[in-house]
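Every number here is computed from the coordinates shown, using simple stated rules; none is lab data. Being a predicted model, the structure only gives us computed values, none of them experimental. We place every Cβ from the backbone using ideal geometry, glycine too, and count neighbours over all the protein chains shown.
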Amino acid sequence: MNSKVVISGVSLILVVGVAIGVVVVVNKKDSDPQIAAQQKRMKVMCEGTEDPQLCHETLSTVKGNTSDPKVYIAAGVEATMKSVIQALNMSDKLKVEHGDKDPGIKMALDDCKDLIQYALDSIESSVNLVNSQNIQAMYDQSPDFRNWLSAIISYQESCTDGLNNETNGEKEIKEKLNTGSLDEMGKLTGIVLDIVTNLSTVLESFDLKLNLNPSSRRLLQVDSEGLPTWFSGADRKLLAQVQKGAAAAPNAVVAKDGSGKFKSIKEAIDAYPANLQGRYVIYVKTGVYDESILIPKKSANILIYGDGPGKTVVTGRKNFVDGVKTMQTATFANTAPGFIAKSMTFENTAGAAKHQAVAFRNQGDMSAIFDCAFHGYQDTLYVHANRQFYRNCEISGTIDFIFGASATVIQNSKIIGRLPMANQFNTVTADGTKLKNMATGIVLQNCEIVPEQALFPSRLKTKSYLGRPWKQFARTIVMESTIGDFITAEGWNVWDGNLYLDTLYYAEYANTGAGSNIQGRVKWKGYRGNINKNEATQFTPGQFLRGGTDDWLKASGVPYAVGFMKA
């Protein structure tokens, strides 16, 4: 996310238009050796994709015969870029045509435009990687590549999910947006994602002398203090001071009593300086801050900290029942990379009767949150997109209260099921992994999963589950955690009948507690039961949150377990 964008947003349309407009017209016979060689290369690139025909058509834009696999990948990325731009233009067109008809439609189209702009940022990062690196470096950075492509799918799905199929006006707009460009954007992104996921197999067929040993790629590592080995000295010192309560003067101090420079968190965020180098540190003193906060994507590397959960509280009550789209119900939303939050509470007090009501929404890549609390009911913590890490946190809710389509690890945290309404149930997670090769999923590691005091008396009668599949390839792993007896024996719940039960990936590993017995668990094809240690390794932070750059968690300072936490 911090890579330099070498093509401006305006010029992208022209550059991509030229790139995609190049079509090879071949008049030679099919027996031509060069044509046969090119067809063979494209077949290798495409045979592992979900739509080989569309893949072949896309890669056929490559001019001439080349043995460089990067050229074919570039063609796929450029085609995806074009589709994202078309989707952005379509969202603008539909907003002009329908934005004044209904507040809900306007809100949904505003969200779509923002989401597709985020998708454009992600594909720009992909373009820069392909254009600036050789094939070995690009392979080594493939975890970042997959993350950016996965985020595009997350944004696409969020756009369509925000348009209600049961409302005639919104349903019509949704159909136009999908037909006009959004559907193609998802398909092309999926093709490139499939190619990048299978890149080692693809490259082997090109007979290149490359190091394709997966273990050679950079993994997250920690030192004796539990900090990432690439964590800068300045950031180490800063976080150590914060943790001891003796931090050097922050950039901004927020205090309701007027003892700081700002009285609101929004004012402090709005004061983010242009051309910032390093971190922008915001200290929020004890108090309850009734605000709707959005950290814009340009405000990278913010560290915000308070006096502790329950002392520094950001609160709100926006909700779906009152006419607010789910994305915009968030009390606090972060869209910038490198975000860190510490020692604060984020809550949405709308209550169970108001349905979707987000306390905290996060789509910032390489973000880290620790010693924080997230309280709500339905949809408390929206782990929207990109790589996220949570440690020593407290997360409470009822329905789908940890949900999204990101690569998220929640470690050493307390997960609390709350008392729902009489006709409701509890589901801890709802993962939104849409495509099988997305680098996304929710991992709960070394957590304590318990009922709140109000739920305790009826905990064995109220149905509570570890999760349900929001999208087709929902991926959730509960490992090395203590699971309370309030989790029903089936363990996992359906979304809608038999939907996604064969394609999801749900697994458990080395859990304890009365709720960890899998004897009564669901019998779905996608439920893996208790997986072995070798399979569980891929979901430890060092593997699951892997990145090919030095940027991931670059300033978190979180005491961090890279692998398993129990023998």
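Once you sort the root eigenvalues of the Cα gyration tensor of region 277-357 as a ≥ b ≥ c, which label holds: rounded (a/c under 1.5), prolate (a/b larger than b/c) or oblate (the other case)? Can you show the working numbers first?
Numbers: a/c = 3.15, a/b = 1.48, b/c = 2.13.
Because a/c hits 1.5 or more and a/b fails to exceed b/c, region 277-357 counts as oblate.
Using C-alpha positions alone, give me the convex hull volume of region 414-555 per residue in cubic angstrom. Provide the component values of the computation, followed by the final result.
Details: hull volume 17.8 nm³, N = 142.
Given the Cα convex hull of region 414-555, per-residue volume reads 125 Å³.
If we sort 103-111, 64-72, 411-419 on the protection proxy, mean other Cβ atoms within 10 Å, highest first, what's the order?
Per-residue Cβ counts within 10 Å, averaged per peptide and sorted highest first, yield 411-419, 103-111, 64-72.
Can you tell me, using C-alpha contacts under 8 Å and at least 6 residues apart, the relative contact order of the chain as a whole percent? Could the numbers behind the result be given before it?
Working: 1297 pairs, mean separation 59.7, N = 567.
For the chain, the relative contact order is 11 percent.
What three numbers, in Å, describe the spread of the alpha carbons of the chain along their principal axes, ordered from the longest?
Rounded to whole Å, the extents work out to 77, 58, 57 Å.
At a 10 Å Cβ-Cβ cut-off, how would you order Thr512, Thr167, Thr427, Thr160, fewest neighbours first? Present the calculation step by step, with values, prior to reporting the outcome.
Working: Thr512 11, Thr167 15, Thr427 26, Thr160 18.
In order of increasing Cβ crowding within 10 Å: Thr512, Thr167, Thr160, Thr427.
So how many Lys-Lys pairs in region 398-549 land under 23 Å Cα to Cα, not counting same-chain pairs under 8 apart?
Taking the Cα cut-off of 23 Å, the pair count is 17.
Given +1 on the Cβ of Lys and Arg, -1 on the Cβ of Asp and Glu, and no further charges, what dipole in debye does region 9-216 carry about its Cα centre, rounded to the nearest 20?
Value, rounded to 20: 760 debye.
Can you tell me how region 385-481 classifies by the Cα gyration tensor, rounded, prolate or oblate, using a/c under 1.5 as the rounded cut?
Values: a/c = 2.52, a/b = 1.49, b/c = 1.69.
Oblate shape, in that a/c is at least 1.5 and b/c is the bigger or equal ratio.
How would you order 249-259, 196-206 from highest to lowest mean count of nearby Cβ atoms within 10 Å? It would help to have the intermediate numbers written out before the result.
Values: 249-259: 15.4, 196-206: 17.2.
Top to bottom by mean Cβ count within 10 Å: 196-206, 249-259.
Place +1 on the Cβ of every Lys and Arg and -1 on the Cβ of every Asp and Glu in the chain, take the dipole about the Cα centre, and give the residue among Thr315, Tyr509, Val130 whose Cα lies farthest towards its positive end.
So the residue furthest toward the plus end is Tyr509.
What is the packing order of peptides 179-185, 400-406, 328-334, taking the mean over residues of other C-beta atoms within 10 Å and listing the highest first?
Going by the mean number of other Cβ atoms within 10 Å, highest first, we get 400-406, 328-334, 179-185.
Taking the Cα centre of the chain as origin and charging only Cβ (+1 Lys, Arg; -1 Asp, Glu), how large is the dipole, in debye to the nearest 20?
Numbers: 60 positive and 58 negative charges, 154 e Å.
Once rounded to the nearest 20, the dipole reads 740 debye.
Pull up the DSSP beta bridges for region 398-549 and report the antiparallel fraction as a percent, rounded to 5.
Details: 0 of 30 bridges.
Just about 0 percent of them are antiparallel.
Among all the lysines, which ones have a C-alpha under 26 Å from Lys263's C-alpha, if same-chain residues fewer than 8 places away are not counted?
Straight-line reach from Lys263, under 26 Å: Lys244, Lys285, Lys297, Lys298, Lys311, Lys318, Lys342.
Quick one: of the DSSP bridges fully inside the chain, what percent are antiparallel, nearest 5?
Working: 1 of 85 bridges.
Given both bridge residues lie in the chain, the antiparallel proportion sits at roughly 0 percent.
Give the residue from Val196, Pro103, Ala87 lying farthest towards the positive end of the charge dipole for region 9-216; charges sit on Cβ (+1 for Lys and Arg, -1 for Asp and Glu) and the dipole is referred to the Cα centre.
Val196
Using Cα pairs under 8 angstrom and six or more residues apart, how large is the relative contact order of region 80-151, in percent? Could you put the intermediate results ahead of the total?
On the way: 39 pairs, mean separation 22.6, N = 72.
Taking the mean separation of contacting Cα pairs over the length of region 80-151, I get 31 percent.
Relative to the longest principal axis of the chain, what angle (0 to 90°, nearest 10) does the C-alpha long axis of helix 142-161 take?
Long axis of 142-161 versus the principal axis of the chain: about 70 degrees.
For region 32-83, just list the percent of Cα-Cα distances falling in each 5 Å bin from zero outward, please.
Each 5 Å bin holds this share of Cα pairs: 4, 22, 34, 26, 11, 3, 0.
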